[in-house]
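K.L.:
First the structure, then my questions, so here it is.
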Amino acid sequence: MKNITLPSPHKILRIVHETKAEYTFRVKCDDAVNHGQFYVLSIPKIGEAPISVSAQGEGYVEFTIRKVGKLTDGIFGMEEGDTLFMRGPYGNAFPVEDFKKKPLVVIAGGTGMAPVRSMLQYFYAHPEEAGEVYLIVGFKDRDAVLFEEDLARFREKFHTVYCLDNMEAEGFSKGFVTGYVKEVPFGTFEDYNVVIVGPPAMINFTAKECVKNGVTEDKIWVSFERKMSCSVGKCGHCRINETYVCLEGPVFNYTKAKELLD
Amino acid sequence: MRVSYGISTEKMNGLLEELGKTYRICGPRRVGKYIRYGDIQSVEELVYQEKSHFSPKEVFYPIVQTLLYFSENQVRESEMEDEREVILFLRPCDINGIRRLDTLFLRNGGKADNFYQRRREKVKFFLLECAESFETCFCVSMGSNRTDDYEAAFRFGEEGVKAQIHGESALCGRLEGFLAGEKECAFAPEFVTENKKTVAAPDIGHRSLLPGIHDLPMWREFDDHCIGCGGCNTVCITCSCFDTTDVIYHETSRDGERRRAWSSCMLDSYSTMAGGHNVRAKAGDRMRFKVMHKIYDFKVRFGEEHMCVGCGRCDMRCPKEIHFSETVDRLAHEVERLKRGEESL
């Protein structure tokens, strides 16, 4: 009987310092991963944590990890060539097939960019499958900006708004993502989808702002982040009502997500 | 096979000795000031006259267990330290409670938890008849006062032991082999049909009531009252949550082990994410989370039965004398008010 929580070793191929507090780890892996899924990574000296796949390619997956206190610190001492234990992929994914050839609005806050990055890269690389893509991304300040190269490339093919909470900078306007929702021409779309990923409050306010701008709730998709110790429906931490985020999520349609009251 | 015998306590001790050669035998016994489940060798050790403070789950779901060992490049699953089958003396509410643990660990997500399964599949139930309902029990309200799931049932008393063999398993066969020739009797275990405490789970009906329940003012009363010790979860037969932690043997190496330990949804750290954000920051939020799981959410998910079996141990354990049972009753009243569109009390 296969043990469902036994991790396997994977070589770290490359480490990119996105910011002072966020590194992207490229890990050797041949799994077929759907956009929005996550793995449980073994963080040396600490334990396991669920981490979204922030990119994928031939023979690798990437994880972007934020240094937030002791939980993830252990991984920041690792080097290229080191071995990382992980298991997955887990969770459901964004319904990307349904997103094809339709307007897609992606609104991300901070590290919320990680779970949508691989999908955005896919549509960037396959413009024939994409509809118009509207990307609104907010960061706290200039130092918190992630995936600079991607953001620059995405400007070429997507309608982009990049903003910073409290400051203006070259290429970034000042303000929260919610302030730019009204600039999306929802009224001109026939069928479309909206993806919102970020901290719980950001998801909540942004979804409400979308609805205020005429978006129907079932067009909105969100991705939840919750504490998990197993990601296979046993440890209990990620449960909300009768729903397990690890099993039924992390991606939810907003008609379901709005009912999930922690 | 369903045959009953009346035997002496000495004969019962002989049976335990005989079974103890191949089985690990566990039951409620006194450990310091608590009655907890663990290894027993004789009837004298078995505390059958009182309710245990802890549930039997620790026999097959240890408080702390090592899941796996890892080094720089390898990971190895831990081995079972004890391969024997386990005979467990326990009461009807706990047998019903273990079915709920099985639901979660073996069925939720469609795959079995290997670390739970490998211990659980070794456990055989010996029913301990409840002569009467104990203080704080409300098993009848939760429908968990009866069970049919046991290999044998026992009634202990000053005058000896009554035993019923109940099934066709190899263990039942061994019991029959040992007891054959003893005085047969008409014993069948009786089940409690009335508790002093009755509890009515709220009839929530439609999901549209859930936001109102979420925001009820009654939960705020627990914010200062509940100290978040998690004692209620620890003694509960149906609480199953756990944390995992990696322990490294030496600061300079990568060798270590992964451990699983019981967790508690009443602890402040239970829902706190790596960044420090806690989705249920107040004790009252956590009380709501626990209560709703026990008498609503679990049944919505699995469709069969409420999670709570009414063993009442949480009510015995709480150092702040918070009564789960009364909280459920109060919630049921509040739910009726919500349905009528009235303000909460």
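The values are calculated or read from the model by the stated rules, or taken from the named source; none is laboratory data. Given the structure is predicted, the values throughout are model-derived calculations rather than measurements. Heads up, the Cβs are rebuilt from the backbone with ideal geometry, glycines too, and the neighbour counts pull from every protein chain shown.
K.L.:
Test residue A:162 against the criterion of being crowded, with 16+ Cβ neighbours inside 10 Å, assigned to a strand (DSSP E or B) and not β-branched (Val, Ile, Thr), and give yes or no.
P.N.:
Working: crowded, with 16+ Cβ neighbours inside 10 Å: yes; assigned to a strand (DSSP E or B): yes; not β-branched (Val, Ile, Thr): yes.
Yes, satisfied.
K.L.:
Taking residue B:230, is it within 7 Å of another protein chain (Cβ to nearest Cβ) and without any contact (Cβ under 8 Å) to a residue 40 or more places away in the chain? Break it down stepwise before answering.
P.N.:
Working: within 7 Å of another protein chain (Cβ to nearest Cβ): no; without any contact (Cβ under 8 Å) to a residue 40 or more places away in the chain: yes.
When the stated conditions are applied, residue B:230 does not pass them.
K.L.:
Out of B:107, B:100, B:29, B:36, report the one residue that is assigned to a helix (DSSP H, G or I), outside the structural domain of residue B:240 (by TED's automatic domain parsing) and surrounded by 15 or more Cβ atoms within 10 Å (Cβ to Cβ). It would help to see each step written out before you state the result.
P.N.:
Values: B:107 fails: surrounded by 15 or more Cβ atoms within 10 Å (Cβ to Cβ); B:29 fails: assigned to a helix (DSSP H, G or I); B:36 fails: assigned to a helix (DSSP H, G or I).
Just one listed residue meets the conditions, B:100.
K.L.:
Kindly check whether there is at least one residue in the range A:142-151 that is in contact (Cβ under 8 Å) with a residue 60 or more places away in the chain, surrounded by 20 or more Cβ atoms within 10 Å (Cβ to Cβ) and of a type in the set (A, V, I, L, M).
P.N.:
yes
K.L.:
Still on this model: Looking only at the range B:25-50, filter to residues that are basic (Lys, Arg) and under 19 Å from the mean Cα position of the chain (by Cα); which one of those is nearest to residue B:129 (Cα to Cα)?
P.N.:
Among those residues, the one meeting the criterion is B:29.
K.L.:
When the range A:171-208 is examined, which residues are found to be without any contact (Cβ under 8 Å) to a residue 24 or more places away in the chain, part of a helix (DSSP H, G or I) and among the hydroxyl-bearing types (Ser, Thr, Tyr)?
P.N.:
A:188 - this is the single residue of the range A:171-208 that is without any contact (Cβ under 8 Å) to a residue 24 or more places away in the chain, part of a helix (DSSP H, G or I) and among the hydroxyl-bearing types (Ser, Thr, Tyr).
K.L.:
Something else: What about residue A:51, is it touching a Phe, Trp or Tyr at 6+ places or on another chain (Cβ under 6 Å), away from every other protein chain (no Cβ under 14 Å), under 14 Å from residue A:84 (Cα atoms) and not aromatic (Phe, Trp, Tyr)? If you could, list the steps in order and put the result at the bottom.
P.N.:
Details: touching a Phe, Trp or Tyr at 6+ places or on another chain (Cβ under 6 Å): yes; away from every other protein chain (no Cβ under 14 Å): no; under 14 Å from residue A:84 (Cα atoms): yes; not aromatic (Phe, Trp, Tyr): yes.
It is false that residue A:51 is touching a Phe, Trp or Tyr at 6+ places or on another chain (Cβ under 6 Å), away from every other protein chain (no Cβ under 14 Å), under 14 Å from residue A:84 (Cα atoms) and not aromatic (Phe, Trp, Tyr).
K.L.:
Shifting gears a bit: In the range B:291-314, which residue that is touching a Phe, Trp or Tyr at 6+ places or on another chain (Cβ under 6 Å) and of a type outside the set (Gly, Ala, Ser) is farthest from the other protein chains (Cβ to nearest Cβ)?
P.N.:
B:314
K.L.:
(1) assigned by TED's automatic domain parsing to the domain that holds residue A:166; (2) among the aliphatic types (A, V, I, L, M); (3) in a strand (DSSP E or B): which one isn't true of residue A:113, the others all being true?
P.N.:
Just one mismatch for residue A:113, condition (3).
K.L.:
If I filter the range A:182-191 for residues that are aliphatic (A, V, I, L, M), more than 9 Å from every other protein chain (Cβ to nearest Cβ) and under 19 Å from the mean Cα position of the chain (by Cα), do I get at least one hit? Spell out how you get there, then give the answer.
P.N.:
Taking the range A:182-191 as the starting set, the residues that turn out to be aliphatic (A, V, I, L, M) are A:184.
Then drop every residue that is not more than 9 Å from every other protein chain (Cβ to nearest Cβ), which leaves A:184.
Within this subset, residues satisfying the condition of being under 19 Å from the mean Cα position of the chain (by Cα) are none.
No: zero hits.
K.L.:
Return yes or no: is residue B:266 under 29 Å from residue B:65 (Cβ atoms), in a helix (DSSP H, G or I) and touching a residue at least 24 places away in the same chain (Cβ under 8 Å)? Step through it out loud before you land on a result.
P.N.:
Numbers: under 29 Å from residue B:65 (Cβ atoms): yes; in a helix (DSSP H, G or I): no; touching a residue at least 24 places away in the same chain (Cβ under 8 Å): yes.
No: the conditions fail for residue B:266.
K.L.:
Name the residues in the range A:218-245 that are in contact with a Cys (Cβ under 8 Å, 6 or more places away or on another chain), within 9 Å of another protein chain (Cβ to nearest Cβ) and part of a strand (DSSP E or B), would you?
P.N.:
Within the range A:218-245, just A:244 meets the criteria.
K.L.:
Same structure, new question: Give just the number: which of (1) surrounded by fewer than 18 Cβ atoms within 10 Å (Cβ to Cβ); (2) more than 10 Å from chain B (Cβ to nearest Cβ) does residue A:249 not satisfy?
P.N.:
(1)
K.L.:
Answer yes if at least one residue in the range B:188-204 is in a helix (DSSP H, G or I), surrounded by fewer than 18 Cβ atoms within 10 Å (Cβ to Cβ) and over 22 Å from the mean Cα position of the chain (by Cα), and no otherwise.
P.N.:
Within the range B:188-204, the first condition is being in a helix (DSSP H, G or I), and the residues that meet it are none.
No, that holds for no residue.
K.L.:
Name every residue in the range A:86-134 that is surrounded by fewer than 22 Cβ atoms within 10 Å (Cβ to Cβ), of a type in the set (Lys, Arg) and closer than 21 Å to residue A:30 by Cα, in order of residue number.
P.N.:
Result: A:87, single match.
K.L.:
Among the numbered criteria (1) in a loop (DSSP other than H, G, I, E, B); (2) more than 12 Å from chain B (Cβ to nearest Cβ), which single criterion is violated by residue A:211?
P.N.:
Of everything listed in (1) in a loop (DSSP other than H, G, I, E, B); (2) more than 12 Å from chain B (Cβ to nearest Cβ), residue A:211 misses just condition (1).
K.L.:
Kindly indicate whether residue B:177 is free of Cβ contacts under 8 Å to residues at least 12 places away in the same chain and either outside any helix (DSSP H, G or I) or not aromatic (Phe, Trp, Tyr) (or both). Write out each step before concluding.
P.N.:
Details: free of Cβ contacts under 8 Å to residues at least 12 places away in the same chain: yes; either outside any helix (DSSP H, G or I) or not aromatic (Phe, Trp, Tyr) (or both): yes.
So residue B:177 fits the description; yes.
K.L.:
Moving on. From the list A:11, A:20, A:45, A:28, exactly one residue is away from chain B (no Cβ under 14 Å), over 11 Å from residue A:87 (Cα atoms) and more than 15 Å from the chain's Cα centre (by Cα). Which is it?
P.N.:
Just a single option satisfies the conditions, and that option is A:20.
K.L.:
How do the pairs read when you match residues in the range B:102-119 that are more than 9 Å from every other protein chain (Cβ to nearest Cβ) and in contact (Cβ under 8 Å) with a residue 60 or more places away in the chain with residues anywhere that are part of a helix (DSSP H, G or I) and aromatic (Phe, Trp, Tyr), using Cβ under 6 Å and keeping only pairs 6 or more apart or on different chains?
P.N.:
What qualifies is B:103/B:302.
K.L.:
Please work out which residue is nearest to the other protein chains (Cβ to nearest Cβ), limiting yourself to the range B:240-257 and to residues that are in contact (Cβ under 8 Å) with a residue 40 or more places away in the chain and within 29 Å of residue B:53 (Cα to Cα).
P.N.:
B:244
K.L.:
Residues of the range B:121-144 being part of a strand (DSSP E or B) and of a type in the set (A, V, I, L, M, F, W, C), which ones? Lay out the reasoning, then the answer.
P.N.:
Step one: of the range B:121-144, the residues part of a strand (DSSP E or B) are B:123-128.
Across the range B:121-144, the qualifying residues are B:123, B:125, B:126, B:127, B:128.
K.L.:
Among the residues of the range B:145-167, count how many are assigned to a strand (DSSP E or B) and touching a His at 6+ places or on another chain (Cβ under 7 Å).
P.N.:
Step one: filter the range B:145-167 for residues assigned to a strand (DSSP E or B), giving B:152-157, B:160-166.
Subset that is touching a His at 6+ places or on another chain (Cβ under 7 Å): B:152-153.
So the answer is 2.
K.L.:
Taking only the range B:205-222 into account, find how many residues are assigned to a helix (DSSP H, G or I), away from chain A (no Cβ under 14 Å) and not aromatic (Phe, Trp, Tyr).
P.N.:
If we filter the range B:205-222 for residues that are assigned to a helix (DSSP H, G or I), which is where we start, we get B:207-214, B:217-222.
Narrowing further to those that are away from chain A (no Cβ under 14 Å): B:217-218, B:220-222.
With not aromatic (Phe, Trp, Tyr) added as a condition, the list becomes B:217-218, B:220-221.
Residues meeting the conditions: 4.
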